[in-house]
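Comments concern the structure below.
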Amino acid sequence: MRFLRRLTRRFRSAWQRRLPSSFRRGKLHSQLVTFCVYVTVFLNILYGVYLGRFSFRRKKFVFSKGVTIYSLCLATCFALFYIWNIYNEISTGQINLRNTIGIYCYMNVCVCLFNYVTQWVKTLEIIRFQNSVPLFKLLDSVDISAIIVWRAFVYSLLKIVFCPLIAYITLILYQRRSHPENQWTSLATVKTMLPLIVSNQINNCFFGGLVIANLVIAALNRKLHGIVKEANMLQSPVQMNLHKPYYRMRRFCELADLLDELAEKYGVTASRSKKYLHFTDWSMVMSMLMNLLGITTGCYNQYLAIADHYINEEPFDLFQAIVLLVFLAVPFLEIVMVARISNQTLMETRRTGELLQRFELQHADARFKQVVNAFWLQVATIDYKLMPLGLLELNTSLVNKVFSSVTGSLLILIQSDLTLRFSLK
């Protein structure tokens, strides 16, 4: 027993020494982000989309030949398995356009293969970017309340964990209904879910980066709001008569130093989060396009089932229709969540500019005026917008555009189908 205790203490102390200091002594949000970064890097390596690793000895991300060999083997097996299945179903006539889940799975296979190629090409650039981001130093320097941190953590879990879990449960119900002879752990369930999970991994990384950027910029804005109130108060007639010019000059210099720090942190957060979109833009556009096609195809198949029931008097499976609607709602929910967090980050960056415009600089110190103007110029120069490939801006209007596209496509397809049905009669 004593031997086991000593062994446990040695293992615990050795593991703690290998963890970065930000995880041992950092704040709550820094510890959570460190944990999420470890999990994300592990999943990227596990799925084969990342060819690097973190070197504890050198304390930075490095390119790994072993991980590269593993990723190449994994991607080759993945491609051969699904391409053979698609070819087999096409050659034997088993593929069915009315099978919404099967079609959606194969579309995500295309996204996965595309992600492998694009991420491998950008590996060295991604590693340099990761090593250049002072993430934990920045997080330890800002104060974020525990409630806001846990809300953001739960929101991230909803996107990254619960959405795939809902799709997995729905798929189990669908498989039990369609093939009751198979187990819920059958190859068909795993074969369908794997492309959905792997294709969303890159988007989940960008989503997590936006959550962190939103937290940091919101914390900077709260501190900036306090500086605005104090600076404007020092220029009020009562305060100008109460304090001597030397005290006001010294206090304005201290506020200028604080603004310099905020401007530096804002520049790092806004520019790096915007640059991170460059590594995920192709994946996001492809995923969005496939989700759009999948939702449209699924809704149209639902219409065909209803039309066959009422026009051709064919049987209608209500349970299966509900299950398919839930399965189609998951990708739409993911689009909504990405649009929401992008819009929140965009609003926080705009609020930074609005707060800087509230400064009254008529009786302020000269250095303080220069710092405020430099900060405002930095905010205006960055021009924070998230537009993957310059095609579509990520904000709340994205949901309306997706909904309008699906609705417009469905109206055209339904009108053509009804015209064909009634013309044959």
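The values are calculated or read from the model by the stated rules, or taken from the named source; none is laboratory data. All of these numbers come straight from a predicted model, not from anything done at the bench. With ideal geometry, Cβ positions are generated from the backbone for all residues, glycine too; neighbour counts draw on all protein chains shown. Heads up: the accessible areas ignore ligands, DNA and RNA and are worked out on the full protein's heavy atoms, side chains in. Shrake-Rupley method; radii C 1.70, N 1.55, O 1.52, S 1.80 Å.
Taking the conditions (1) surrounded by 11 or more Cβ atoms within 10 Å (Cβ to Cβ); (2) at pLDDT 85 or above; (3) within 28 Å of Leu324 (Cβ to Cβ) in turn, Ile86 satisfies each one other than (2). Looking across segment 55-85, just one residue is without any contact (Cβ under 8 Å) to a residue 12 or more places away in the chain, among the hydroxyl-bearing types (Ser, Thr, Tyr) and under 16 Å from Tyr116 (Cα atoms), and that is Thr76. If the condition is being in contact (Cβ under 8 Å) with a residue 60 or more places away in the chain and within 19 Å of Ile341 (Cα to Cα), then segment 395-425 contributes Leu398, Val399, Val402. The residue of segment 177-199 that is nearest to Thr40 (Cα to Cα), among those that are outside any loop (DSSP other than H, G, I, E, B) and modelled with pLDDT under 75, is Thr189.
Within segment 48-55, can one find any residue that is more than 30 Å from Thr296 (Cβ to Cβ), open to solvent by 30 Å² or more (accessible area, probe 1.4 Å) and modelled with pLDDT under 85? Yes: segment 48-55 contains one or more residues that are more than 30 Å from Thr296 (Cβ to Cβ), open to solvent by 30 Å² or more (accessible area, probe 1.4 Å) and modelled with pLDDT under 85. Only residues that are modelled with pLDDT of 80 or more and open to solvent by 60 Å² or more (accessible area, probe 1.4 Å) were counted in segment 384-395, giving 2.
A single member of Trp150, Trp84 is hydrophobic (A, V, I, L, M, F, W, C) and either over 30 Å from Ile341 (Cα atoms) or in a loop (DSSP other than H, G, I, E, B) (or both), and it is Trp84. Filtering Leu124, Leu138 for residues that are open to solvent by 20 Å² or more (accessible area, probe 1.4 Å), touching a helix residue (DSSP H, G or I) at 6+ places or on another chain (Cβ under 7 Å) and closer than 25 Å to Phe61 by Cβ leaves a single hit, Leu138. The number of residues in segment 289-336 that are closer than 30 Å to Phe114 by Cα and not charged (D, E, K, R) comes to 27.
When residues in segment 396-420 are screened for being farther than 26 Å from Phe279 by Cα, of a type in the set (Val, Ile, Thr) and surrounded by 16 or more Cβ atoms within 10 Å (Cβ to Cβ), 1 of them pass. Residues of segment 98-130 that are among the polar types (S, T, N, Q) and within 20 Å of the chain's Cα centre (by Cα): Asn108, Asn115, Thr118, Gln119, Thr123, Gln130. From the residues in segment 244-270 that are farther than 11 Å from Val371 by Cβ and aliphatic (A, V, I, L, M), which one is surrounded by the most Cβ atoms within 10 Å (Cβ to Cβ)? In this case the residue turns out to be Ala270.
For segment 348-359, the count of residues that are acidic (Asp, Glu), outside any loop (DSSP other than H, G, I, E, B) and open to solvent by 20 Å² or more (accessible area, probe 1.4 Å) is at least one.
Filtering segment 271-320 to residues that are open to solvent by 40 Å² or more (accessible area, probe 1.4 Å) and either outside any helix (DSSP H, G or I) or of a type in the set (Gly, Ala, Ser) (or both) leaves Ser271, Asn312, Glu313, Glu314, Pro315, Phe316, Asp317.
Scanning segment 209-238 for residues that are at pLDDT below 85 and open to solvent by less than 20 Å² (accessible area, probe 1.4 Å), we see that the one that is nearest to His363 (Cα to Cα) is Gln235. A count restricted to segment 321-335 and to residues that are in contact (Cβ under 8 Å) with a residue 12 or more places away in the chain and open to solvent by 50 Å² or more (accessible area, probe 1.4 Å) stands at 4.
Quick one: in segment 365-403, which of the residues that are within 19 Å of the chain's Cα centre (by Cα) and assigned to a helix (DSSP H, G or I) is farthest from Lys265 (Cα to Cα)? Among residues in segment 365-403 that are within 19 Å of the chain's Cα centre (by Cα) and assigned to a helix (DSSP H, G or I), the one farthest from Lys265 (Cα to Cα) is Val402.
Scan segment 64-73 and tell me whether some residue there is in a loop (DSSP other than H, G, I, E, B) and open to solvent by less than 60 Å² (accessible area, probe 1.4 Å). Yes; the residues of segment 64-73 include at least one that is in a loop (DSSP other than H, G, I, E, B) and open to solvent by less than 60 Å² (accessible area, probe 1.4 Å).
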